[in-house]
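Q: One structure coming up, written as structure tokens, with questions to follow.
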Amino acid sequence: MGRRAVAASVACLLAAGAAWAVGQSKPPPMMDVPKDMRQYYVAFLVAGPKFVGGDTLEHAALLPKHLAFIRKMISEKKMRLAGPFADEGKYFGIAVLAASSAEEARAWMEKDPAVQAGFFGHEIHPAMLPSLDSLHVRY
């Protein structure tokens with residue numbers, strides 16, 4: 001067989017292999033992923049423009065209002081869970097929101113009295129999590 005014939009045969013095999021690979025590009029099903037995944041929005045509480053570290057009178061006055069907001073949002077099933085971080089890092093707390101969009105999640109978080117006062121700010125991130133519909137948070 002001549003060099004041209006070998007080259008043509010190799011080219012045909014490569015083309016056939018590439019066509020087959022394109023047809024196989026669909027990823028395999030993920031067997032170990034929970035079946036009831038859904039989208040939530042995770043809010044991280046960060047220092048706002050008026051944040052002052054340590055215990056202040058303003059912080060003491062805002063805390064009951066902030067906690068009442070969280071209880072209300074959880075009772076309405078808008079917020080599925082929330083809580084503070086236990087370290088001294090950049091993030092002060094976390095909340096998982098069952099909002100239909102990032103804009104709705106932001107709007108909900110803007111109603112937090114601690115955010116309105118500028119004590120906290122927030123970052124919103126979409127996340128795929130197992131359904132939290134059966135989660136029951138008690139106060």
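Q: When the range 82-124 is examined, which residues are found to be surrounded by 16 or more Cβ atoms within 10 Å (Cβ to Cβ), without any contact (Cβ under 8 Å) to a residue 60 or more places away in the chain and over 14 Å from Leu62 (Cβ atoms)?
A: Of everything in the range 82-124, those that are surrounded by 16 or more Cβ atoms within 10 Å (Cβ to Cβ), without any contact (Cβ under 8 Å) to a residue 60 or more places away in the chain and over 14 Å from Leu62 (Cβ atoms) turn out to be Ala82, Ala95, Val96, Leu97, Ala98, Ala99, Arg106, Trp108.
Q: Out of everything in the range 39-81 that is farther than 24 Å from Ser101 by Cα and small (Gly, Ala, Ser), what residue ends up being surrounded by the fewest Cβ atoms within 10 Å (Cβ to Cβ)?
A: Result: Gly54.
Okay, residues lined up against (1) part of a helix (DSSP H, G or I); (2) modelled with pLDDT under 95:
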{"site": "Val6", "(1), (2)": "yes, yes"}
{"site": "Ser9", "(1), (2)": "yes, yes"}
{"site": "Met31", "(1), (2)": "no, yes"}
{"site": "Phe51", "(1), (2)": "no, yes"}
{"site": "Ala60", "(1), (2)": "yes, yes"}
{"site": "Lys72", "(1), (2)": "yes, no"}
{"site": "Lys90", "(1), (2)": "no, yes"}
{"site": "Ala105", "(1), (2)": "yes, no"}
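Q: Shifting gears a bit: Among the numbered criteria (1) within 14 Å of the chain's Cα centre (by Cα); (2) modelled with pLDDT of 95 or more, which one does Pro130 miss?
A: Only one criterion in (1) within 14 Å of the chain's Cα centre (by Cα); (2) modelled with pLDDT of 95 or more is unmet by Pro130, namely (2).
Q: Six or more apart or on different chains, Cβ atoms under 7 Å: show the pairs whose first residue is in the range 126-139 and within 22 Å of Asp32 (Cβ to Cβ) and whose second is at pLDDT below 95 and among the acidic types (Asp, Glu).
A: Note: pairs meeting the criteria are Pro130/Asp36; Ser131/Asp36.
Q: Still on this structure: Only one of these conditions is not met by Ser75: (1) among the small types (Gly, Ala, Ser); (2) farther than 21 Å from Tyr139 by Cα; (3) under 21 Å from the mean Cα position of the chain (by Cα). Which number is it?
A: (2)
Q: Would the range 103-121 turn up any residue that is over 16 Å from His66 (Cβ atoms) and among the polar types (S, T, N, Q)?
A: No; the residues of the range 103-121 include none that is over 16 Å from His66 (Cβ atoms) and among the polar types (S, T, N, Q).
The values are calculated or read from the model by the stated rules, or taken from the named source; none is laboratory data. Note that the coordinates shown come from a computational prediction; the quantities given were computed from them, not determined experimentally. Counting neighbours? That spans all protein chains shown, and the Cβs are built from the backbone with ideal geometry, glycine included.
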